[in-house]
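A.B. asks: The structure follows.
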Amino acid sequence: MRAVHRPSDRPLRRRRRFASDLGPNEAGKSSALRALRDGLFGFPSQTKDNFKHANQKLRVGMRLRRRDGGTLAFIRRKGNKGTLLDPETQKPLAENALGPWLGPVDRELFTKMHGLDYQELQAGGQEMLKTGSEIGQLLFSAAGRAGNVRKVVDLLREQASALFKPSASLPRINASIREWRELQDQIKSVMTPRNESTS
């Protein structure tokens with residue numbers, strides 16, 4: 001993707017395979033991410049981006065570029081049909097015009113692999129940590145982003161078990177907790193008033 005044009009705003013340019021937007025609250029990071037999703041996959045029926053422009057005037061312009069140098073420019077408008085427009089003629093493009101560019105990637109996969117905001121990143125991490133959940137592992141492994149995720153997760157669990165187990169006494173944290181409790185008992189015995197110790 002080379003650029004995203006948002007109404008009444010400057011272009012958002014992307015020339016790398018990975019991009020991270022940093023900025024203060026209300027700087028437009030989430031709005032820019034929604035512009036990417038909506039431009040590629042269409043506006044949802046309900047949107048919170050109509051605070052400045054009415055639904056019928058919502059537009060996102062994009063220019064895509066493939067590795068072979070081929071480019072595709074289009075405008076996405078909010079609607080049910082004919083939402084892809086030629087930026088020069090404003091005439092509708094074929095609804096499947098993005099098919100060769102997106103391949104099997106749909107909105108959900110794009111969000112999980114390329115378009116996470118802070119809340120979604122947290123939720124995805126929790127999903128991966130759930131017992132028996134392999135959605136995150138499969139996605140990351142299939143996309144080649146993290147190698148063999150299963151081995152990494154197993155190693156982390158093994159290391160965590162060496163530190164703490166709920167019903168064990170040997171792991172490091174368990175042993176420290178036991179030692180702390182013993183020291184607390186010693187302190188209590190030393191601090192016990194004489195009249196209580198001799199009674």
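A.B. asks: Go through the range 28-75 and name the trypsin sites (Lys or Arg not before Pro) that are in a DSSP coil and have 16 or fewer other Cβ atoms within 10 Å of their Cβ.
C.D. replies: Sites meeting the loop and neighbour criteria: K48, K52, R66, R67.
A.B. asks: What lysines sit close enough to K52 to cross-link, taking a C-alpha to C-alpha distance under 26 Å and skipping anything fewer than 8 places away on the same chain?
C.D. replies: Straight-distance partners of K52: K29, K78, K81, K91.
A.B. asks: Short version: ³J(HN,Hα) in whole Hz for each residue of the range 73-88, in order, from phi by Karplus 6.51 cos²θ - 1.76 cosθ + 1.60 (θ = phi - 60°), x for Gly and Pro, what are they?
C.D. replies: Along the range 73-88, the couplings run 10, 7, 10, 9, 10, 7, x, 9, 9, x, 8, 9, 10, 6, x, 8 Hz.
A.B. asks: So, one more: Can you give the net charge of the other residues whose Cβ lies under 11 Å from the Cβ of S161, counting K and R as +1 and D and E as -1?
C.D. replies: Net local charge, S161 excluded: +1.
A.B. asks: If you keep only loop residues by DSSP, which chymotrypsin sites (Phe, Trp or Tyr not before Pro) in the range 33-132 have at most 16 other Cβ atoms within 10 Å of their Cβ?
C.D. replies: F51
A.B. asks: DSSP loop GluC sites (Glu not before Pro) in the range 52-113 with at most 13 other Cβ atoms within 10 Å of their Cβ, which ones?
C.D. replies: The qualifying sites are E88, E95.
A.B. asks: Related question: So who's got an amide H within less than 5 Å of the one on K165, skipping anything under 5 residues away but keeping other chains? H placed 1.01 Å off N, in plane.
C.D. replies: Correct list: N174.
Throughout, read-outs are computed from the coordinates displayed, never taken from laboratory work. Since the structure is predicted, the reported quantities are computational estimates derived from the model, not experimental observations. In this analysis, Cβ positions are derived from the backbone assuming ideal geometry, glycine residues included, and neighbour counts consider all displayed protein chains.
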